[in-house]
Structure formats: structure tokens, C-alpha cells
Amino acid sequence: MKPSNKNQSEKGIASPLPARPGWLIFCPHRNVSSVIDVTVPHLIEMGIRAVILDLDNTLVKWHQEEIDEDIMVWLQALQQEKMELCILSNSVLSRRSERIAGRLGCHFVRQAKKPGKQGFQKCLELMHTTARETAIVGDQMFTDILGGNRVGIYTIMVTPLQKHEFAYTRYVSRPPEKVLMRYFKRKGHL
Ligand SMILES: [Mg+2]
């Protein structure tokens, strides 16, 4: 679906997406298996010109630095379309985020404290984009998606690259995340 002229208006571009009421604050706008399922034409149709990228289990395996070739090809396709990119990671291993961002030639925000708004707003400042023009791609509902919805950007949830992750994430965050995802799908929100 192409955005209407109203969405393309200066006012529309400057405004964040409408607030998501109630439990929908946890619901992504899209759910896909991998970042490579997020196509450039879809982003352009949605009026997106900047993408915030979660790092662990979205771009790279947990605490790794190597980016798989298919994901690298996807990132290059975004950059060829002049999409602004910014890595937003809660990881305290700041040099890793910086090194990966350096290789990609993109922005990064470290120790982001997602789902806090501040890290997301810093990304928007670095990329010189508004919330309406920006998407986040991430694998965690209670950090990437909740934070993105709080600032009114387009939120895309991906399946984690692997099961290996923080014990807290695996045993505390994932179970309710699965329950909510089933609920959102049953209610037709996804
Ligand atoms: Mg992650």
C-alpha cells in the first residue's frame, strides 16, 4: 500500500505514528523471520528512509561480530537506496558496536537502555530523521519493539538468529513474549 499524499505531507512526516493503546504498545507493526524479509520497496512504500538496527540476534549472533553474507547483502541494498542506518544496542561492549558500525559506515548508539526513549531519540538526531520516517528492526518485544512504539516509529520484529542469549532474556522475557505474540496474531494485529 502506497502512503497517501497526506502521509507525505510535511505535517505527516514530522509526526510520530499514532500511539498504540493498551497492550498494543508491545505489538510490532510487522513480524518477519529475518531482517532480509524486510524489503527495500516495502520500506520505501511506508515512507521509511532510516532504519534503526538492533545488534545481538538481529544483525549478528549473540556477542559475535561477524555478519552473515545474506544480511550484509541486505544492508548494502539499504545503503544503495540511501537509507540511513543506526545500530542501537543495549550491549555494554561498546567497542563491538563501534567496530561493526565502522565496517558498515553507519551510526551507532551504545548502552542504549532500551526500551528507554533516549537511545531511540539519539538515533533520530544522528540520522536527521523524524519518527515517522524511521523504522526499527529487532528481535525483542520488551526492548526493541516497546521502545520503538513508545517513540512512534515503525516497529519490525524478527525471529532471533539463534537461541543462545542472556539467561534473563531466555527465561524471563521470551515466555511472555510468545504469549503476547500468539494473542496479537489471534486478534488479527499481525
Ligand atoms: Mg537483540
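The values are calculated or read from the model by the stated rules, or taken from the named source; none is laboratory data. Being a predicted model, the structure only gives us computed values, none of them experimental. Positions of Cβ are backbone-derived with ideal geometry, glycine not excepted, and every protein chain shown enters the neighbour counts. Note: accessible area is taken over every heavy atom of the protein model, side chains too, but ligands, DNA and RNA are not part of it. Shrake-Rupley method; radii C 1.70, N 1.55, O 1.52, S 1.80 Å.
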(message) Could you give each residue of the range 71-80 its phi-based ³J(HN,Hα) in whole Hz, using Karplus coefficients 6.51, -1.76, 1.60 with θ = phi - 60°, and x for Gly or Pro?
(response) 6, 5, 4, 5, 4, 5, 5, 5, 5, 5
(message) I'd like the carbon and sulfur percentage of the solvent accessible area for the chain, probe radius 1.4 Å, heavy atoms only, ligands and nucleic acids excluded.
(response) 53 percent
(request) Using per-residue counts of other Cβ atoms within 10 Å, averaged over each peptide, order 152-159, 72-79 from highest down. (result) 152-159, 72-79
(request) Compute the signed sum of charges (Lys and Arg +1, Asp and Glu -1) over the other residues within less than 14 Å, Cβ to Cβ, of MET181. (result) +4
(request) Calculate, for the chain, the solvent-accessible area per residue in square angstrom, rolling a 1.4 angstrom probe over the heavy atoms of the protein chains. (result) 53 Å²
(message) Taking 8 Å as the Cα distance limit and 6 or more residues as the minimum spacing, I'd like the relative contact order of the range 126-165 as a percentage.
(response) 40 percent
(request) For the range 95-102, just list the computed ³J(HN,Hα) in residue order, Karplus coefficients 6.51, -1.76 and 1.60, θ = phi - 60°, integers in Hz, with x standing in for Gly and Pro. (result) 5, 5, 4, 5, 5, 5, 4, x
(message) Averaged across orientations, what area in nm² does the convex hull of the alpha carbons in the range 39-186 project?
(response) 8.4 nm²
(request) Have a look at VAL137, VAL92, VAL40 and tell me which one the Gaussian network model of the chain (Cα, springs below 10 Å) gives the largest fluctuation. (result) VAL92
(request) Kindly point out, ordered by number, any Cys in the chain whose beta-carbon has no other cysteine beta-carbon under 4.7 Å away. (result) CYS27, CYS106
(request) List nothing, just return the count: lysine pairs in the chain, 8 or more apart or interchain, with Cα separation under 21 Å. (result) 13
(message) Please compute the contact order of the range 39-186 in relative form: average sequence separation of alpha-carbon pairs under 8 Å and at least six residues apart, divided by the residue count, as a percent.
(response) 25 percent
